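Have a look at the structure below before the remarks.
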Amino acid sequence: MYKTIFTVVDVQEPRSLDGEPTHVKGPCKMYLPGDRMTIVGNPGRLVLEETDSVCLAAFSAILPLASAMEREVTEPWDYIDKIKYFSCPDSERPVVFRVERVKVEQGEYPTPYGSK
């Protein structure tokens with residue numbers, strides 16, 4: 001099993017994609033470079049003790065990727081362990097995360113309700 005760590009590497013200033021004014025002022029207010037979210041298990045469980053901040057928009061985009069990254073990679077064509085960066089879905093001021101897969105031992109992250 002793996003845990004997946006998403007560490008903020010870039011918080012971008014707002015930029016227009018079509019020349020119109022942006023709907024936001026300033027960069028994302030949730031994250032600073034170095035902040036991280038740690039997800040373990042499948043389906044993913046957010047590890048609050050290892051997580052700095054959670055934006056629900058970014059988390060909802062990250063969760064399917066994190067669940068896929070928890071599994072073992074056995075096929076040579078499988079690319080999931082080669083993904084290094086991920087961006088939140090805010091097109092005008094994206095936050096870019098570095099993605100790390102870290103192998104964990106069975107039982108290192110027990111579920112709150114035992115083995116259910």
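Data for the structure
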read-out: Filtered residues of the range 24-38 (kept if at pLDDT 90 or above and either of a type in the set (A, V, I, L, M) or over 30 Å from Tyr109 (Cβ atoms) (or both)); value: Pro27, Met30, Leu32, Met37
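Matching residues to (1) at pLDDT below 90; (2) under 19 Å from Lys103 (Cβ atoms):
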position: Ser16; (1), (2): yes, no
position: Thr22; (1), (2): yes, no
position: Val40; (1), (2): yes, yes
position: Ala58; (1), (2): no, no
position: Pro64; (1), (2): yes, no
position: Tyr79; (1), (2): yes, yes
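The values are calculated or read from the model by the stated rules, or taken from the named source; none is laboratory data. As the structure is a computational prediction, the values presented were derived from the model and not from experiment. All Cβ positions, even for glycine, are placed from backbone atoms using ideal geometry, and neighbour counts span all protein chains on display.
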